[in-house]
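Please read the structure below before turning to the comments.
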Amino acid sequence: MPAQGGPSGGSGKRGLWIVLIGLLLVVLIVGGIIAALTLGGDDDKDDKKSDDSSQSSDPSDDPTTEPTDPESDDPETDQPTDPETSAAPALESCAVARPAAASASEPGRVASGGISFPLTRGYSDGAEADRNEDAFDFLTAPNGQMKVIERTKTSGWISMVVVGSVKRSDGYTDVQQAATSIAGCTARSARIYRNVTDIRSGTSEALDVGGHDAWRVDSEVEINEPGLKSTGDSMVVVAVETGDPETFAIFVGVVPLGNDALLSQLNETVAGITVD
């Protein structure tokens with residue numbers, strides 16, 4: 001069925017509608033472009049804010065981390081060794097002293113090296129004592145007493161108390177080091193002990209001898225000597241600062257292991273040491 005109306009009036013209206021529809025399409029297209037640009041910009045801002053937020057919350061990038069205290073890891077900050085209680089290493093070998101005459105002893109005392117001790121009950125200071133004190137060849141002018149403990153046909157065992165001195169120039173640095181060195185040299189001396197099986201360190205302590213600095217070292221020397229009942233000695237060594245700038249005075253006493261009576265007597269002798 002055909003359209004209704006006349007042909008000339010219908011042609012003018014169609015042209016007007018075409019123009020209106022074209023304008024509407026242009027408006028829609030331009031509006032869509034503007035909206036897209038606006039939304040894209042907001043998304044970029046949001047992404048940037050998100051990136052900034054994640055960067056500021058990362059603790060690994062924080063430059064304000066507290067520095068490590070440089071003193072806490074410094075090995076040099078360890079407590080220093082107190083020089084007042086530190087001694088130089090003990091000597092492994094003691095120099096042989098040059099021959100010298102012992103100083104004259106006061107009646108009732110045995111003297112040498114600037115110190116003396118009282119005569120010990122039951123001990124002698126005769127020719128036999130003189131021969132045995134010479135075994136302490138690392139002491140200058142050794143002078144002492146001895147007591148026979150046992151004798152055999154070929155050997156024997158004695159107790160000995162002796163005083164002398166050592167020279168600082170031979171490596172002795174202070175009373176502690178000197179006492180420790182002499183204790184070791186006595187125990188290792190082939191002229192004093194044979195067949196040593198053990199050397200045990202004991203007390204090591206400071207002493208005061210008439211106002212003079214001194215040091216006492218106790219030790220035990222165990223031996224296995226065929227034909228002897230004795231099994232070794234208890235030893236006491238005392239080094240004394242007498243004021244002589246060249247020497248330290250030395251006392252050495254040895255009594256048989258397990259002989260408490262002689263050990264007690266030895267301690268009395270040590271208590272009787274004086275600086276002359």
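All of the numbers you see were taken from the coordinates with simple rules; none came from a lab. This is a predicted model, so every value here is computed, not measured. Quick reminder, even Gly has a Cβ in these numbers, built from the backbone with ideal geometry, and neighbours come from all protein chains shown.
Looking across region 235-273, the residues that are closer than 15 Å to Trp157 by Cα and more than 29 Å from the chain's Cα centre (by Cα) come down to Gly253, Val254, Val255, Pro256, Leu257, Gly258, Asn259, Leu262. Selection within region 162-205: residues that are in a strand (DSSP E or B) and β-branched (Val, Ile, Thr). The member of this set that is nearest to the chain's Cα centre (by Cα) is Thr203.
Residues checked against (1) under 17 Å from Ala190 (Cβ atoms); (2) in a strand (DSSP E or B); (3) in contact with a strand residue (DSSP E or B) (Cβ under 9 Å, 6 or more places away or on another chain):
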site	(1), (2), (3)
Arg121	no, no, no
Glu128	no, no, yes
Phe136	yes, no, yes
Asn143	no, yes, yes
Lys147	no, yes, yes
Glu150	no, yes, yes
Lys153	no, no, no
Ile158	yes, yes, yes
